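Below is one structure, written out as C-alpha cells; the observations come after it.
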C-alpha cells in the first residue's frame, strides 16, 4: 500500500510500534494479543483431543482436579474447550472484519469514482445504513445468508461495512483536499488512479487502526450471534456457542458459562486496547503538563504609593497571578502589579498581547480559577478585601457593584438563553427581584444603552443581535446592578470602527452617570492593546509589559511626558494623519517574552536600544517621577516632547506588517 | 457533520421558499424520514428474494409435501411477478397487514402486538436509568476535574467507564445472573413477571450506555465550561451550582442528545441479546426464534418494527435538537 515514502514510513512505523509498547496499556494489550494469537495457533493441537473426549461418568460437573473448570453436558472438559475455541472465534472475527473493511472501503470510495448520481445514491444508502445498530444489520443479513458460521461471517462483515464506508469517506475527503492530490489532478491523473495511488495509501493507517478496534467488536458480535444459536452450529464451537450451552446449566456449573464469557472479554479487550493505543500514538495525543500548585506567597511588601485622598474603588498592591507550568515550575504572567482606581476615575491599561493586562482584570475581579493562583499584598474593592473573603461573602458586593464587559460579545453570551433572561438573572440573584420585575428592569436597561425595540430584543437570542448590539447588551448587563466599577477588557476589539466609537461613548456615559438613576458615578478600567482607544477614553493610563506596570501617567501627558522607552515606542507605532503613507509602518522590533521565559533584569531590555548591563541584571521598580507619574526604568527619557520622532530603536518594517 | 446526513429528499425543497424556517425544517426532516422508511421497507421486502432457494420450502422443511409448499407459496403470493408482489406488500403494509407466519399462519401483526410492549418497556426503562445516572455523574465529574484538577479522579473515572462500556450486554447479563440470581438468589434467573424481574435485564442493558453517556456528558460539559459565557455567568456572581446547572449543563446536553439517540437505538439492538439470556417474551427472542425456523414473514415484520423504531428515535432527536438549540434551524437553513 505504501508507495514513494516507503523508507521514511518504515522507520516511523518502527518508532510508533516502540512507542505503543512503552505505554503501560500498550504493553499489556500487546502481551494479551500475543497470548490470544498463540492460543489460536496452538490450542487445537495441544488440547483438541481432550476437548472432544466424551466422559459419561463426569457429566456437568463443577470444577475438580481433573477438570479445572468442570465439564459440560457430555462430560467434556470446559477449560480445554474454551482454549480450543480460541482459534475458531478469532478466525471468524478476523474474517468478518476483513469482509467489513473490504466492503466498506469499496462503498466508501465508490462515490469518488462513480458518476455523480450513482455516487449520491451510494452515499445516501450508507448514511441510512449507518443509523442502524450493527446487530440489527447483522440479524437482517443472517436471515438472508442463513444460519451457520459462513452466513454469520458474511452478516457481521456486511453489518460493519457502512461504518467503514463512512470512515473511508470522511478520511478521503480530508486527503482529497490536500495539495498533492490537487497537483496530481492537475497533472491529469484519472479518478481511479487518484483514488488508488494517492488517496487510499494515505488513509491506510487510520483504516488499519480502526479495523483492529473493530476486530474486537466483531469478536463480541460473533459471540453474540453464536450465543443466539445463529452463528456457529454444533459440533463446531466457538466462545459464543460455549456460552450459550453453559448458560443452560448455570445452576449446576456456572463456570461453564463464565469461562467462555471471560475469554470473549479478554480477547475483545486485547484487540480494542491495542487499537486504541495505536490510535493514540498515531494521533500523537500530547500528554498534558503535570500539575503543580504555586507555592509562591505574597511578599509582605509595604503598601505602594497611590491610594491617597478618597477611598479608592479598587486598590491593588503587588498582584501576582501564577499557573502551573510545563516543567513543574509555575509560570507567572502577572508579576507584582500595583495600582488604584479612584471613584469615578477612568483608567486605561495598554500593552501588547501577553503583557498580562487581561489576566490582571480577571485577577482583580476574582475570576481566575484553579489551578491558577492569585496573590497580592492587598486587593480591595470598595474597601472590602477580596482575596481572603470566601465567595458567598463578596458575591453580593461584586454582583451588583462590579460590572465586566468582555472582548467577544458573541461568545460571552449563553447561546441558548434569551438576552433578557441573561440580564434579568443578575437582579434575581442579587436584588431579590421576581422573574417578571427583573425582566422589566432588563428591558429598561437595554433601552438605556439605546438598543432599539428593547422589549422585542429582550426576547431574542444572542445570535439574533449584531456585534455592536451585543456589546451594548453586555454593558446593560453590567448596569443591572449599581456598578461602581466597570472593567472592560478589549470591549471594542471585535467590533468595526464606527461601532467602536459608539461603544466607547456609551462606556463614557455610564461612567459619568452611573446606572442612570442618579446614583454614584462608576469608575472605568479599560483594557486595550490600542493606545489611542485608551487615550480617548481615559484620564490615566497604565502601560504593562511582561506582567508588570512599566509606566503610570495621566493621559494628557502621554505625548509630552512619557518617559519609558516602551511607552514611547508604542506611541511612535501609531500612525497619524500626517504619517507618510509611502513609508513603511513603524513597529517595535522583537516580541515580548513569554511568561515562562522572563529572566533577570528589565524584561524590555532585549528590545531597548538604551539597555546596558544594569538593565540586563536588575529589574527596575516603579518610582515616582511626578505627582501622578510612576515609571519603572533605569534610563527614563527626559520630558521633552518627542511624540513622533522617538529616540528609541523604532525600526521600520514592510508595509504589510 | 450535519450536512453529510442530508438525504436525497432535500433537493426537492428549495430552502427559503417556505417562509418559516420551522416549516422548511419540518418538511426537510420528514422528507428524509419518509425516504429512509421507504428504504427500510424495500430492504425488508428484498430480503426474502435474496435468500437462496425457496423460502417456503426451507421454512416447512424437506419432508413437507409438495402440495402444501405450493399452496403456501400461492397463499403468500410468491408466484406473482416481483413488482406485483412489491405492490401488494406495500399496499398491505399501509393497511397494517404484515402478512402471516409461514409456520403457524397467525398474523404477524398480532405476534408483534403481543411482544412489542415487553421489548419497548425494557429498552425505555434501560434508557431512562442510563440517562438518570449518566447526566449527573458526567456533569459532576466534569466540574470536579475541570482545568486539570483531580487527575487521579479523572483517571479512575475514565478507566472505569471505558471498562464498563466494553462489556457486551449479554456477557454482563450472564455475570449478573450468576451473581444475583444463582449466587445470592435475589432476583429471578429469567422470565417477565413483577417489577423485580425487570431489575437484572434493565441493569444489563443500562450499564454500558450509562458509562458511554457519562463520558460524553463529561467531555461536552468540559468543553462548555471553557466557553466565554461561563466566565460571564461567573462574572454575574451566580452561585457555582447555578452556573453549572443553568448555563453549562443545558448547553452540554444539546450536544449529548445526538449521542443519546445513538445509545437508544443501540439499546434496541441490545434487547435482542438480553431478551435471549433472560427468556424475555419480547421481539428479540421472537426474531431469533423465527430466524432459526426461517419463518421469514415474522422476521420481515420485526425487522420493519426495529427499523421504524430506529428511524423514529433519530427523528425525535433531530426535532428535540431543533427545539432546544435556538440556532439549529438557522444553521440548517
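FYI, it's all coordinate maths here, none of it is from the lab. Quick caveat, the model's predicted, so the values are computed rather than measured. No Cβ is skipped: glycine too gets one built from the backbone with ideal geometry, and neighbour counts run over all protein chains shown.
Key figures for this structure:
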item	result
Within 10 Å of each Cβ in A:404-414, the average number of Cβ atoms from other chains	4
Over segment A:2-286 - Rg/Rh using Cα atoms and the Kirkwood inverse-distance radius	1.06
FRET efficiency, residue A:530 to residue B:156 (Cβ-Cβ, R0 56 Å, nearest 0.05)	0.70
Degrees between helix A:255-282 axis and first principal axis of chain A (Cα, 0 to 90, nearest 10)	40 degrees
Using alpha-carbon coordinates, inclination of helix A:134-145 to the longest axis of chain A, degrees	30 degrees
Per-residue average of Cβ from other chains inside 10 Å of B:92-104	0
Rg(Cα) / (2.2 N^0.38 Å) computed for chain B, rounded to two decimals	1.21
Ranked by how many other beta carbons lie within 10 Å on average, peptides A:475-485, A:178-188 from highest	A:475-485, A:178-188
Length added when fully stretched, residue A:437-residue A:189, from 0.36 nm per residue minus Cα-Cα	82.4 nm
Max mean-square fluctuation residue, GNM over chain B, Cα-Cα springs under 10 Å, options B:321, B:262, B:78	B:78
Estimated distance in nm for a label pair at residue B:114 and residue A:116, the labels positioned 7 Å out from Cα along Cα-to-Cβ	5.4 nm
Ranked B:280, A:634, A:117, criterion: other C-beta atoms within 10 Å, fewest first	A:117, A:634, B:280
Stretch gain in nm, segment residue A:180-residue A:74, where the contour uses 0.36 nm per residue and the Cα spacing is subtracted	31.8 nm
Estimated FRET transfer efficiency (residue A:591, residue A:456; beta-carbon r; R0 51 Å; 0.05)	0.60
Inter-site label distance for residue A:42 and residue A:91 at 7 Å from Cα along Cβ, in nm	1.9 nm
Most to least packed among A:267-277, A:599-609, B:55-65 [average Cβ atoms within 10 Å]	A:267-277, A:599-609, B:55-65
Label point 7 Å beyond Cα of residue B:279 along Cβ direction - residues of segment A:58-76 with amide nitrogen under 15 Å	none
CD proxy at 222 nm, helix term only [per DSSP H run n ≥ 4: -39500 (n - 2.57); per residue of the protein assembly as shown; nearest 500]	-18500 deg cm²/dmol
Angle between chain A longest axis and helix A:497-513 axis [Cα atoms, degrees, rounded to 10]	60 degrees
FRET efficiency for residue A:59 and residue A:236, using Cβ-Cβ distance with R0 set to 22 Å, rounded to 0.05	0.55
Within 10 Å of each Cβ in B:265-277, the average number of Cβ atoms from other chains	4
Counting all C-alpha pairs of segment A:314-529, share separated by more than 26 Å (%)	35 percent
All Cα pairs of chain A, percent lying beyond 33 Å	65 percent
Separation in nanometres of the label points that stand 7 Å from Cα toward Cβ, at residue A:616 and residue B:67	11.3 nm
